[in-house]
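Asker: Dropping a structure here in structure tokens format, bear with me for questions.
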Amino acid sequence: MTQSLTIRRPDDWHLHLRDGAMLAGVLPETARHFARAIIMPNLVPPVVTGAQAAAYRDRILAAIPEGMSFQPLMTLYLTEDTNPTDVAAAHASGLVTAVKLYPAGATTNSASGVANFDNVRGVLEKMAEIGLPLCIHGEVTTHDVDIFDREQVFLETVLHPLRERTPGLKVTLEHITTSHGIDYVSGADGDMAGTITTHHLMINRNHILVGGIKPHYYCLPVAKRREHMEALRKAATSGNPRFFLGTDSAPHSDANKESACGCAGCFTATNTMACLAHVFEEEGALDKLEGFASMFGPVRYGLPPNEETITLVKEPEPVPYPAKIDTGDGPVTVFDPGHPLYWRVA
Ligand code: OTD
Ligand code: ZN
Ligand code: ZN
């Protein structure tokens, strides 16, 4: 007998869509299953002003294929020059759903991010006042901190002091990769939430390095030890509404990934729901999938959950999905969890 699971249509609370030919290639992969997504602003140049966000939103809307529906939820890229009034206006008009903080140099296209947090205090205070959430890439970038410790050190040296200085600021710690991040979010007050990616529930650092270097598993924050992956799986499947899905699907062409200096990012848009059903079933928590993928994010962002549903079906045989998708910027490899998947979206 086939097993099936119907849930409200999911949303993705952290997504990279890029621009131009790449946008056109990857957008259908998300819009096929997801109703809405928080769109990351790390374009070149970054999406800093309300006017840039409006123009980018229009390019995304224009790229939605006939017959699909999708709502991009826009973000502004926080810089040390960001103007609190511009941010407040973009929020008041309904254009932006969140502001994104990248510590300078933390990840792909983050050179314009924040180095001196004193210079963004005014914006953060304004955001706390108007209830606009801050999404954070939580890693320090100081060269003396080991790459595997950068999230943990960020919690103590940056995130906690920042939240103490800005009471009432809603913060989402994005793409949590450590038990420390999970513990921080679980133990903080109700202004704090966290997103978890699909791939960090399925890979740990061995996947990247054992038996040859696997560039398609390299992303930032880099996957940690297995015990951290286990902590993420436990949190995601716990039913705690502080944790919800942000895939961080981050497409790069194969040429840019399979290189002596390969780009960071896993492209999971195509098979995310199949992967999540697999993980939640393994954890004996299929009944918690709807909360994680479809309910807790909307509640957090003050939006109604989607009325439409999707149905996941478990097949007796492995379900095929494309190894790569073609884009005008070249092929993009789809995340391979390293074992067959049996779930598909009907
Ligand atoms: N991580 N790659 C990218 C962004 C994320 O930190 C992230 O949000 C990207 O390519 O934009 C990645 O590995
Ligand atoms: Zn990030
Ligand atoms: Zn990201």
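Asker: Looking for whichever is within 23 Å of Ala35 (Cα to Cα), in contact with a helix residue (DSSP H, G or I) (Cβ under 6 Å, 6 or more places away or on another chain) and either modelled with pLDDT of 95 or more or open to solvent by less than 30 Å² (accessible area, probe 1.4 Å) (or both) here; the options are Phe292, Phe267. Which one fits?
Answerer: Unique residue meeting the criteria: Phe292.
Asker: Does the range 128-148 include one or more residues that are open to solvent by 50 Å² or more (accessible area, probe 1.4 Å), closer than 30 Å to Arg205 by Cα and in a helix (DSSP H, G or I)?
Answerer: Among the residues of the range 128-148, at least one is open to solvent by 50 Å² or more (accessible area, probe 1.4 Å), closer than 30 Å to Arg205 by Cα and in a helix (DSSP H, G or I), which makes the answer yes.
Asker: Which of the residues that make up the range 236-264 are aliphatic (A, V, I, L, M) and either surrounded by fewer than 23 Cβ atoms within 10 Å (Cβ to Cβ) or more than 18 Å from the chain's Cα centre (by Cα) (or both)?
Answerer: Passing the criteria: Ala255, Ala260, Ala264.
Asker: Taking the stated definitions as given, is Val279 surrounded by 16 or more Cβ atoms within 10 Å (Cβ to Cβ), within 16 Å of ligand 2 (Cβ to nearest atom) and farther than 22 Å from Leu17 by Cβ? Working first, answer last.
Answerer: Numbers: surrounded by 16 or more Cβ atoms within 10 Å (Cβ to Cβ): yes; within 16 Å of ligand 2 (Cβ to nearest atom): no; farther than 22 Å from Leu17 by Cβ: yes.
When the stated conditions are applied, Val279 does not pass them.
Asker: Does Gly328 meet the test of being in contact with a helix residue (DSSP H, G or I) (Cβ under 7 Å, 6 or more places away or on another chain), surrounded by fewer than 15 Cβ atoms within 10 Å (Cβ to Cβ) and either closer than 24 Å to Ala223 by Cα or touching a residue at least 24 places away in the same chain (Cβ under 8 Å) (or both)? Step through it out loud before you land on a result.
Answerer: Values: in contact with a helix residue (DSSP H, G or I) (Cβ under 7 Å, 6 or more places away or on another chain): yes; surrounded by fewer than 15 Cβ atoms within 10 Å (Cβ to Cβ): yes; either closer than 24 Å to Ala223 by Cα or touching a residue at least 24 places away in the same chain (Cβ under 8 Å) (or both): yes.
Judged against the criteria, Gly328 is a match.
Asker: When you go through (1) of a type in the set (Gly, Ala, Ser); (2) within 18 Å of the chain's Cα centre (by Cα); (3) open to solvent by 10 Å² or more (accessible area, probe 1.4 Å) one by one for Ala223, which number turns out not to apply?
Answerer: Status for Ala223: all satisfied but (3).
Asker: Name the residues in the range 247-264 that are out of contact with any helix residue (DSSP H, G or I) (no Cβ under 8 Å at 6 or more places or on another chain), more than 12 Å from Met22 (Cβ to Cβ) and within 16 Å of ligand 3 (Cβ to nearest atom), would you?
Answerer: Ala264
Asker: Taking interchain pairs and intrachain pairs at least six residues apart, which have beta carbon atoms under 8 angstrom, with the first residue in the range 307-322 and over 12 Å from Thr6 (Cα atoms) and the second modelled with pLDDT under 95?
Answerer: These pairs meet every condition: Glu315/Thr2; Pro316/Thr2.
Asker: Under the condition of being among the aliphatic types (A, V, I, L, M) and closer than 18 Å to Glu80 by Cβ, which residue from the range 93-118 is nearest to ligand 1 (Cβ to nearest atom)? Step through it out loud before you land on a result.
Answerer: Pass one, the range 93-118, residues among the aliphatic types (A, V, I, L, M): 95-96, 98-99, 101, 104, 106, 111, 114-115.
Now restrict to residues that are closer than 18 Å to Glu80 by Cβ: 99, 101, 104, 106, 111, 114-115.
On the way: Val99: 14, Leu101: 11, Ala104: 13, Ala106: 7, Ala111: 12, Val114: 14, Ala115: 17 Å.
The qualifying residue nearest to ligand 1 (Cβ to nearest atom) is Ala106.
Here is a yes/no grid of residues against (1) closer than 19 Å to Asn271 by Cβ; (2) in a helix (DSSP H, G or I); (3) among the hydrophobic types (A, V, I, L, M, F, W, C); (4) open to solvent by less than 10 Å² (accessible area, probe 1.4 Å):
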residue	(1), (2), (3), (4)
His175	yes, no, no, yes
Gly181	no, yes, no, yes
Gly190	no, no, no, no
His216	yes, yes, no, no
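Asker: Next up: Just to verify a result, which residue in the range 21-53, among those that are part of a helix (DSSP H, G or I) and touching a helix residue (DSSP H, G or I) at 6+ places or on another chain (Cβ under 8 Å), is surrounded by the most Cβ atoms within 10 Å (Cβ to Cβ)? Full working, then the answer.
Answerer: Going through the range 21-53, the residues part of a helix (DSSP H, G or I) turn out to be 21-31, 50-53.
If we keep only those that are touching a helix residue (DSSP H, G or I) at 6+ places or on another chain (Cβ under 8 Å) too, we end up with 23-24, 27, 50, 53.
On the way: Leu23: 21, Ala24: 19, Leu27: 23, Gly50: 21, Ala53: 21.
Out of the qualifying residues, it is Leu27.
Asker: Taking the range 1-19 only, how many residues are open to solvent by 10 Å² or more (accessible area, probe 1.4 Å), more than 15 Å from ligand 1 (Cβ to nearest atom) and either small (Gly, Ala, Ser) or under 21 Å from Arg300 (Cα atoms) (or both)? Step through it out loud before you land on a result.
Answerer: Taking the range 1-19 first, the residues open to solvent by 10 Å² or more (accessible area, probe 1.4 Å) are 1-6, 8-9, 16, 18-19.
Narrowing further to those that are more than 15 Å from ligand 1 (Cβ to nearest atom): 1-6, 8-9.
Then keep just the ones that are either small (Gly, Ala, Ser) or under 21 Å from Arg300 (Cα atoms) (or both); that gives 4, 8-9.
Number of matching residues: 3.
Asker: Tell me which residues, restricted to the range 54-69, are farther than 24 Å from Ala89 by Cα and either part of a loop (DSSP other than H, G, I, E, B) or not small (Gly, Ala, Ser) (or both).
Answerer: Ile64, Pro65, Glu66, Gly67, Met68, Ser69 - these are the residues of the range 54-69 that are farther than 24 Å from Ala89 by Cα and either part of a loop (DSSP other than H, G, I, E, B) or not small (Gly, Ala, Ser) (or both).
Asker: Taking the range 150-167 as the region of interest, how many residues are open to solvent by less than 70 Å² (accessible area, probe 1.4 Å) and within 23 Å of the chain's Cα centre (by Cα)?
Answerer: Qualifying residue count, the range 150-167: 10.
The values are calculated or read from the model by the stated rules, or taken from the named source; none is laboratory data. Please read these numbers as outputs of a predicted model, since none were measured by experiment. Neighbour counts run over all protein chains shown; Cβ positions are idealised from the backbone, glycine included. Just the protein is used for accessible areas: all its heavy atoms, side chains included, with ligands, DNA and RNA removed. Shrake-Rupley method; radii C 1.70, N 1.55, O 1.52, S 1.80 Å.
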